[in-house]
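The values are calculated or read from the model by the stated rules, or taken from the named source; none is laboratory data. Because the structure is predicted, anything quoted here is derived from the model rather than measured. Because the Cβ atoms are built from the backbone with ideal geometry, glycine has one as well, and the counts that use them run over all protein chains shown. We work out accessible area using only protein heavy atoms, side chains counted, and drop any ligands, DNA or RNA first. Shrake-Rupley method; radii C 1.70, N 1.55, O 1.52, S 1.80 Å.
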Amino acid sequence: MDLTNIKDTLLSEFANELAVLAGQSTEVIAVAKDYANDSKEVYGTIIESALKGLSPDPAIKAEGISYAEAKIDLVRETEVCAAAFKSVEQIIASDLEMDVKTFAQKAIAIFENLAANLFVSLKG
Amino acid sequence: MKQLKFLLLLSISIMLFTSCSVLKNPLAAPYNSFTDSIASATNTELVSSMASWQPGISFQDAMPVYNKAEASIINLLAVDTTRKHNTQIVSITNEWLSQLEQTKSAHQAAGMFNSSQLAINFGLLKQAGNIVVTTEKKYK
């Protein structure tokens, strides 16, 4: 097994193990979907507004935003997405009736175990 | 002697039963109702105010809404910082405050918001508020 394969296998197996650790909670999945829908809507609004700003028609252009504004707004949306990710992390930890520290310790232990097994396969 | 042994076994069983994880969750406070109520009320008020704004809304007209929401989120942050395992919740609430301040600055710089600026800033604040309220409800 080469290093690229190890990286891909490690990441996909780690994701699977985390999903198991999260208990495949339908509540967490529903919240994540809700956040994803909100994000999709805001990204869509920013892109649509930037296109309006580029329109040669002054009436439409006045309703849009400049490219510079769109860039700033896309960065802002990315920051909100990062907050959504942290929220899901927090909910997973709560859902498991674990504190965040315990959850992180378990996740790190899983990762270390997977990595150790894969590196053994590299030596072979 | 037999009765004493039975009572001892019974009390050990009760202790084990009450300390098992099945009972832990219902007995624990599911969330902080105080921070949940601040977050929910602030989000509801901010979203309903912004939803009523028309394109062309001036900064002067919007400022009281921003200032009130800002004060509430700062209050929420002060309580959240005292909570157990607060890294994520504090970071999420800070992001909400940051989005509000960026909206306020953008509105002040523009003087008034056109329909796009209003829709984007409304979307960002609604999304950030939803994340905080949802986390507050689930956070233990």
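So here's what we get for this one:
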item: Residues (in a helix (DSSP H, G or I) and open to solvent by 60 Å² or more (accessible area, probe 1.4 Å)) located in segment B:45-59; result: B:45, B:48, B:51, B:52
item: Selection status of residue B:67, within 21 Å of residue A:91 (Cβ to Cβ), open to solvent by 30 Å² or more (accessible area, probe 1.4 Å) and assigned to a helix (DSSP H, G or I); result: no
item: Test: residue B:62 is open to solvent by less than 20 Å² (accessible area, probe 1.4 Å), over 16 Å from the mean Cα position of the chain (by Cα) and more than 13 Å from residue B:132 (Cβ to Cβ); result: yes
item: Failed item in (1) part of a helix (DSSP H, G or I); (2) open to solvent by less than 60 Å² (accessible area, probe 1.4 Å), with residue B:83 passing the rest; result: (1)
item: Filter pass, residue B:120 being among the aliphatic types (A, V, I, L, M), farther than 30 Å from residue A:65 by Cα and facing chain A (nearest Cβ under 9 Å); result: no
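A quick yes/no check of all residues on (1) away from chain A (no Cβ under 11 Å); (2) out of contact with any Gly (no Cβ under 9 Å at 6 or more places or on another chain); (3) assigned to a helix (DSSP H, G or I); (4) without any contact (Cβ under 8 Å) to a residue 24 or more places away in the chain:
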site	(1), (2), (3), (4)
B:43	yes, no, yes, no
B:62	yes, yes, yes, no
B:79	yes, yes, yes, no
B:116	no, no, yes, yes
B:134	no, yes, yes, yes
